[in-house]
Each structure stands twice: as structure tokens, then as C-alpha cells.
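Everything on this sheet refers to the single structure shown next.
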């Protein structure tokens with residue numbers, strides 16, 4: 001119950017936090033750097049928090065540890081309250097049912113081709129991260145190694161993710177989001193496949209240096225696959241719809257983990273690590289191929305389109321030059337479907 005409540009609070013906070021960053025940093029290059037730093041902070045927290053908690057438990061009991069964590073949340077909340085955040089333009093009031101208001105972000109998301117591609121890449125990324133998060137301790141302990149080696153393997157994964165986050169701002173200046181993210185998903189799928197072939201052919205045995213190197217590669221490919229996603233969400237929404245769209249990404253991405261985690265755990269426990277690697281490689285391959293199929297390679301920001309349903313003197317049309325109607329295209333109340341899509 002406590003975990004459910006904690007995750008519910010996270011589901012409220014995280015999308016709001018992510019949707020606020022574009023308001024603070026409207027410049028795309030600065031926003032890209034912020035995404036990389038956010039990824040870096042997340043990985044550092046994942047690496048350092050267990051170490052810090054273990055160190056504290058040598059001098060205090062877990063009751064005081066929970067109390068200290070609660071104080072940390074309170075301080076964080078106070079910092080947020082005292083921060084000066086830019087005013088966000090409210091979304092235009094539209095007469096909608098409660099259901100349509102609730103699902104507005106998901107409808108925008110699933111009607112935007114590049115975001116469908118993002119969801120497919122997220123599925124591939126979830127397959128890789130699920131294998132690491134769920135089965136690292138099982139694999140390392142199965143080698144007869146210590147708890148410290150479990151931490152070292154997870155550190156290799158986190159280190160790979162941080163390495164990719166550090167280089168991404170420079171990479172994205174010359175390479176498109178689509179190319180970087182699909183390449184990351186492809187390499188992640190290939191890494192899982194290599195592990196599957198090795199473990200199936202060696203009765204599940206993995207050399208320790210190979211495991212560390214593979215976890216490092218999985219960390220790099222995971223970060224390549226997911227970190228640029230915020231750029232796509234920002235590009236695909238009006239300011240007023242941005243929180244709903246980030247919330248949709250949070251919800252839909254967790255559906256991917258809801259699928260990948262049980263596969264990693266149950267198949268790994270019942271059929272062995274080789275079959276688990278193979279199953280997750282198949283899931284990652286489905287995600288990668290789906291992204292190639294659903295995410296158009298030609299993905300311009302401005303798209304020419306028509307509005308046969310609007311009168312010629314409508315304000316939306318009057319702002320345009322005579323002739324071709326073209327602007328940065330997002331799904332909203334005036335644009336219910338993507339041009340060229342049913």
C-alpha cells in the first residue's frame with residue numbers, strides 16, 4: 001500500500017516537473033542540456049542512494065533513515081514552493097466530458113506519429129532496463145559473487161547511462177532524435193540477443209568482465225533511447241497541453257514496464273536467464289521495428305495542410321499568407337488528426 005501511494009505521488013510530481021523544464025528553458029539547446037543533466041541526476045541518485053543508505057544503516061536504524069528521508073521530501077517541497085516558475089498559458093477551455101478530459105493527453109500522444117515511435121522505442125528500452133533491474137542480483141549471485149559485485153554491476157549500467165547523457169547534447173546537434181533513439185534501441189536489442197545466445201549456449205554462465213561490459217552497453221543504449229524523448233514531447237504539443245502530454249508519456253511508458261518486468265522475473269525464474277534474455281530481446285525487437293515503421297523518417301516541424309471545415313475568415317486561417325496553409329503542426333482542438341493519416 002505504501003509503495004502504491006508513493007508511486008501515485010510520483011505519477012503526479014514527475015510529469016509536472018518534466019513539463020515545467022521547457023517553460024523555464026525555451027531554447028532547444030539549453031533544454032537538451034537540461035534533459036541530459038536530469039538523466040545524469042537520476043542515474044547518480046540511483047547509484048549513490050543505496051550506498052548512502054547502507055552507510056547510514058551502520059550507525060542508525062531504519063526508523064531514523066525513513067524519518068530523515070521524510071525530512072528530505074519536506075525540504076524539497078519547500079524549495080519548489082519558493083522557486084519562481086514561469087506562468088504557463090492555460091489550455092483553451094473546451095467543452096468535453098470527464099473521460100475526454102482525462103484522456104486528452106493520451107489522444108494527442110497516440111495521434112502523433114513521432115510519439116507513437118517514441119512509445120515503441122520506450123518498449124525496447126523497458127525490455128533492457130527490466131532485465132538489469134530485475135535479474136542483476138540473480139545473475140551475479142548465481143556466479144557465486146558478493147553483494148558488492150551486485151552494486152558494481154548496477155554501477156556499470158548507471159555509468160553507461162551517464163556517459164550517454166553527457167555526450168547526447170553534442171550528438172543531437174548533428175544527428176536527428178529519430179536516428180539516435182532508434183540506433184539506441186537497435187543496439188539494445190542486439191546486446192540482449194548476444195546475451196541470449198551466450199547464456200543459452202553455456203547453460204546460463206556469463207563471464208564477469210563480459211557482464212560488466214554488457215551492462216555498460218545496456219546503460220548507454222537505454223539513455224540514448226529515452227533521454228531525447230522530452231524534445232519530442234515539447235515539439236508535439238502546445239504550451240497548455242504539455243502537462244497532459246507528459247502525463248500520458250509517464251502512464252504509457254509504465255505500461256511498457258508493466259509488461260517487461262513480469263517477463264524478466266517470471267521467465268527468468270521458471271525457464272532460466274537465457275530464455276529471459278531471448279524473450280526480452282524479442283520485445284525490444286518488436287519495439288525497434290515498430291518505431292521504424294510508425295515514425296516517419298521525414299518528420300518536418302511545419303506541415304502544409306487544409307481546413308475545409310473552417311470558414312475562410314477564421315482567425316486561424318487569417319494569420320497565414322494567402323495560398324498554402326503551413327505552420328508547426330500539433331494535435332489540438334483545430335487539428336484532430338495528423339495530415340495524411342486516417
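Here are the numbers for the structure shown:
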quantity	calculated
Close pairs (6 angstrom Cβ cut-off, 6 or more residues apart or separate chains): under 11 Å from residue 244 (Cβ atoms) in the stretch 81-109, assigned to a loop (DSSP other than H, G, I, E, B) and modelled with pLDDT of 75 or more anywhere	108/331
Flag if residue 264 is farther than 18 Å from residue 110 by Cβ, modelled with pLDDT of 90 or more and either in contact with a helix residue (DSSP H, G or I) (Cβ under 8 Å, 6 or more places away or on another chain) or outside any loop (DSSP other than H, G, I, E, B) (or both)	yes
Restricting the stretch 299-308 to residues that are exposed (fewer than 13 other Cβ atoms within 10 Å of the Cβ) and not in a loop (DSSP other than H, G, I, E, B), the residue that is nearest to the chain's Cα centre (by Cα)	302
Where residue 48 falls short, out of the listed (1) assigned to a helix (DSSP H, G or I); (2) modelled with pLDDT under 85; (3) exposed (fewer than 10 other Cβ atoms within 10 Å of the Cβ)	(3)
Matching option when the condition is assigned to a loop (DSSP other than H, G, I, E, B) and buried (at least 18 other Cβ atoms within 10 Å of the Cβ), among 182, 206, 139	206
Boolean, residue 126 is under 30 Å from residue 303 (Cα atoms) and assigned to a helix (DSSP H, G or I)	no
Residue within the stretch 103-121 that is part of a loop (DSSP other than H, G, I, E, B) and modelled with pLDDT of 85 or more present	yes
Filtered residues of the stretch 25-38 (kept if within 16 Å of residue 233 (Cα to Cα) and either in contact with a strand residue (DSSP E or B) (Cβ under 7 Å, 6 or more places away or on another chain) or assigned to a helix (DSSP H, G or I) (or both))	28, 29, 30, 31, 32, 33, 34, 35, 36, 38
Positions within the stretch 276-295 being closer than 17 Å to residue 233 by Cα and either surrounded by 16 or more Cβ atoms within 10 Å (Cβ to Cβ) or at pLDDT 95 or above (or both), in sequence order	291, 295
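A quick yes/no check of all residues on (1) in contact with a helix residue (DSSP H, G or I) (Cβ under 9 Å, 6 or more places away or on another chain); (2) on the phi < 0 side of the Ramachandran plot; (3) at pLDDT 80 or above; (4) part of a loop (DSSP other than H, G, I, E, B):
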position: 234; (1), (2), (3), (4): yes, yes, yes, no
position: 251; (1), (2), (3), (4): yes, yes, yes, no
position: 254; (1), (2), (3), (4): yes, yes, yes, no
position: 274; (1), (2), (3), (4): yes, yes, yes, no
position: 297; (1), (2), (3), (4): yes, yes, yes, yes
position: 310; (1), (2), (3), (4): yes, yes, no, yes
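The values are calculated or read from the model by the stated rules, or taken from the named source; none is laboratory data. Since the model is a prediction, treat every value here as computed from it, not as a measurement. As a convention, Cβ positions derive from the backbone with ideal geometry for all residues, glycine included, and neighbour counts pool all protein chains shown.
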